[in-house]
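The values are calculated or read from the model by the stated rules, or taken from the named source; none is laboratory data. Note that the coordinates shown come from a computational prediction; the quantities given were computed from them, not determined experimentally. Don't worry about glycine lacking a Cβ; one is built from the backbone with ideal geometry, like all the others, and counts go over all protein chains shown. Quick note on the areas: whole protein, heavy atoms, side chains included, nothing else; ligands and nucleic acids left out. Shrake-Rupley method; radii C 1.70, N 1.55, O 1.52, S 1.80 Å.
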Amino acid sequence: MHLVMIGGSDAGISAALRARELDPAAEVTVVAADAYPNFSICGIPYYVSGEVTHWRDLAHRTSADLEATGMRLRLDTTARRIDAGARKLLVTGPDGAEDVLGYDKLIVGTGAVPIRPPIGGLTGPAALGPDDGVHLLHSMGDTFAVMRTLETTAPATVVIVGAGYIGLEMADALTTRGLSVTQMEQLSEVLPTVDPALGVLVHAELESHGVQVCTGTTARQITRAAPGDSAPLRVDATAADGTAVSRAADMVLVVVGVRPDTGLAASAGATLGFKNAITVDRQMHTNLPDVFAAGDCVITHHRLLGETYLPLGTTAHKQGRVAGENALGGQREFAGSLGTQVVKIFDQAAARTGLRDHEATAAGFDPVTIESQADDHKAYYPGSHRITMRVTGDRTAGRLLGMQLFGHRNAEIAKRIDIAAAAIFHGMTVDAVSDLDLSYTPPLGSPWEAVQMGAQAWVRATQRP
Ligand SMILES: Cc1cc2nc3c(=O)[nH]c(=O)nc-3n(C[C@H](O)[C@H](O)[C@H](O)COP(=O)(O)OP(=O)(O)OC[C@H]3O[C@@H](n4cnc5c(N)ncnc54)[C@H](O)[C@@H]3O)c2cc1C
């Protein structure tokens, strides 16, 4: 049995590891376009900030660790064509030479590529790029380009276009490095994946660390500045009321999301679905014989929404593991995502799982969202922090649909959102969250855990008189 994985990131390596774990006799080859297999690209902001001191430390496992599991790595090797009928993969190696790999099962884990929005100066033959200090950010290659700009031109100012979670992490990272950061976001509040009521708290945290936040501001043009200007680049934008906004900068970072990288699979005949991601079933089969796919290149099965596209590392790992198991003949199903995510912004953290009010309405629920606050541990013990919670439940069925949290980075925001994720995963009602047997000691919690207090606030506000 020869399994071939295309892509050496979360999905491809998870598939390869699972296959080798289940069948040490399986021949497993990972074809990776770059030389950085199993790198934690989620950690890029912390390398840029200097908190992670060497890029090699971002490796989940070294190449030697991976090869020790018995998989074969073909690095700097790009998959060019899949012949699904003949079960052959055409690749080009580091020297450009073509090679054909036969396979029994193929797993496509080509991931996503950063979106290049229609901003003047970013596209076309004269587009500005890393050598001009204008960057997109997704891969280790992008990271090295950012670090070259930081180390060789010592920029003092940066404009970050986009205030999603990566934009926020980079605002934190570049401020930590000593740059003066302007963040532009075309929507009305930062971190649009949470409700504006929490976005506004994130916004305040950014400003309290010196980030100039321009919300409702759409970047239109990036240009090289004229001689005599204060910085080599200029970003021209339009505010929501139509006024022109212009910022000079030494560096520009554009982080406005990703799109699935599906060209290879699509040209082999793979069906594409939501957001042009590869259509897979829950066992991660594509429509092509003996071809599986996983990670940021595929549609996401969501437990409450059905098919969507939610590119996340946690999901890519799980889907890859399922694909690796099933490529060996298993019947495992990807249980589905809830879009659980958390982001640290300076000293605070924001997290969400499940659905927000408008998403739940669109999915046919009858949602109501109640905001409340609770302490992360007993306030009489030093160092306690208030957590702001937004609990979304179905008014009719009482089912917990979603939760959003904001609070201090030491307030266990990530693990608290995971309580909610586990409850939603198992279809619990909001009321039943109070029944969970959760831990307590005053320095670390309360007899009623904060998430349970949020659930009780929801029940109080929604119970019929
Ligand atoms: C800065 C940053 C921070 C993030 N933080 C988080 C986080 O905190 N939490 C979270 O859950 N997620 C986070 N993510 C998202 C997470 O990293 C991705 O969801 C995850 O890496 C997807 O894994 P993947 O294997 O599907 O695809 P990718 O990581 O995109 O990898 C695909 C790989 O396939 C290779 N490839 C593509 N085409 C070919 C080809 N033809 N031949 C050979 N190789 C090919 C590419 O070179 C690439 O290495 C972050 C992403 C970034 C960029």
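Once the other residues with Cβ under 12 Å from the Cβ of Tyr46 are scored (Lys, Arg +1; Asp, Glu -1), what is the net sum?
Result for the neighbourhood of Tyr46: -2.
I need the semi-axes of the equivalent ellipsoid of the chain: take the C-alpha gyration tensor, multiply each eigenvalue by 5, square-root it, list largest first in whole angstrom.
Equivalent ellipsoid semi-axes, largest first: 36, 32, 20 Å.
Which whole-number value in Å² is the accessible area per residue of the chain, probe 1.4 Å?
On a per-residue basis, 42 Å².
Please list the non-local residues whose amide H lies under 5 Å from the amide H of Val280, H modeled 1.01 Å from N, same-chain partners needing a gap of 5 or more.
Ile299
What list of ³J(HN,Hα) couplings, whole Hz, do you get for the stretch 402-415 from phi and the Karplus terms 6.51, -1.76, 1.60, once you set θ to phi - 60° and write x for glycine and proline?
So the J values, rounded to whole Hz, are x, 8, 10, 10, 9, x, 4, 4, 8, 8, 6, 4, 5, 6.
Rounded to the nearest percent, how much of the accessible area of the stretch 320-465 (1.4 Å probe, protein heavy atoms only) is carbon and sulfur?
The C+S portion of the solvent-accessible surface of the stretch 320-465 is 50 percent.
Largest first and in whole Å, what are the equivalent-ellipsoid semi-axes of the stretch 314-465 based on the Cα gyration tensor, each being the root of 5 times an eigenvalue?
Details: eigenvalues 154, 88, 39 Å².
Working through the eigenvalues yields semi-axes of 28, 21, 14 Å.
For Met5, which sequence-distant residues (separation of 5 or more, or a different chain) have an amide H within less than 5 Å of its own amide H, given hydrogens modelled in the peptide plane?
Those qualifying (amide H under 5 Å, at least 5 residues apart or on another chain) are Thr29, Val30, Val31, Ile107.
Please state the relative contact order of the stretch 280-328 as a whole percent: Cα pairs under 8 Å, 6+ residues apart?
37 percent
Which ³J(HN,Hα) values, rounded to whole Hz and listed in residue order, are derived for the stretch 37-46 from phi using the Karplus coefficients 6.51, -1.76 and 1.60 in 6.51 cos²θ - 1.76 cosθ + 1.60 with θ = phi - 60°, glycine and proline given as x?
Karplus values, whole Hz, x for Gly and Pro: x, 6, 7, 8, 5, 4, x, 3, x, 7.
Can you tell me, using C-alpha contacts under 8 Å and at least 6 residues apart, the relative contact order of the stretch 281-375 as a whole percent? It would help to have the intermediate numbers written out before the result.
Numbers: 118 pairs, mean separation 22.2, N = 95.
About 23 percent, as a whole number.
Where does the chain land at 222 nm, in deg cm²/dmol rounded to the nearest 500, when only DSSP H runs of n ≥ 4 count, each adding -39500 (n - 2.57), divided by all residues?
The helix contribution divided over the chain gives -7500 deg cm²/dmol.
Where does the longest stretch of the chain lie that holds no chymotrypsin sites (Phe, Trp or Tyr not before Pro) found in a DSSP loop with 15 or fewer other Cβ atoms within 10 Å? Please list the in-between numbers first.
Details: sites that count: Tyr380, Tyr440, Trp448.
Looking at the chain, 1-379 is the longest stretch - no exposed chymotrypsin sites (Phe, Trp or Tyr not before Pro) with at most 15 other Cβ atoms within 10 Å.
Using the Karplus curve 6.51 cos²θ - 1.76 cosθ + 1.60 with θ = phi - 60°, work out ³J(HN,Hα) for each residue of the stretch 60-71 in order, rounded to whole Hz, and write x for Gly and Pro.
So the Karplus estimates, Gly and Pro as x, are 4, 9, 6, 4, 5, 4, 5, 5, 5, 7, x, 7 Hz.
Decide, for the stretch 1-144, between rounded, prolate and oblate: order the square roots of the alpha carbon gyration tensor eigenvalues as a ≥ b ≥ c, take rounded if a/c falls under 1.5, and otherwise choose prolate if a/b is larger than b/c, else oblate. Don't jump to the answer; show the numbers that get you there.
Working: a/c = 2.52, a/b = 1.43, b/c = 1.75.
Because a/c hits 1.5 or more and a/b fails to exceed b/c, the stretch 1-144 counts as oblate.
Hey, any idea what % of the stretch 1-89's accessible area is carbon plus sulfur with a 1.4 Å probe?
So the carbon and sulfur contribution to the accessible surface is 47 percent.
In the chain, once you exclude exposed GluC sites (Glu not before Pro) (DSSP loop, at most 13 other Cβ within 10 angstrom), what's the longest stretch remaining?
52-332
So who's got an amide H within less than 5 Å of the one on Gly257, skipping anything under 5 residues away but keeping other chains? H placed 1.01 Å off N, in plane.
Ile115
Evaluate the charge dipole of the chain about its Cα centre and quote only its size in Debye, nearest 20, assuming +1 on the Cβ of each Lys and Arg and -1 on the Cβ of each Asp and Glu.
460 debye
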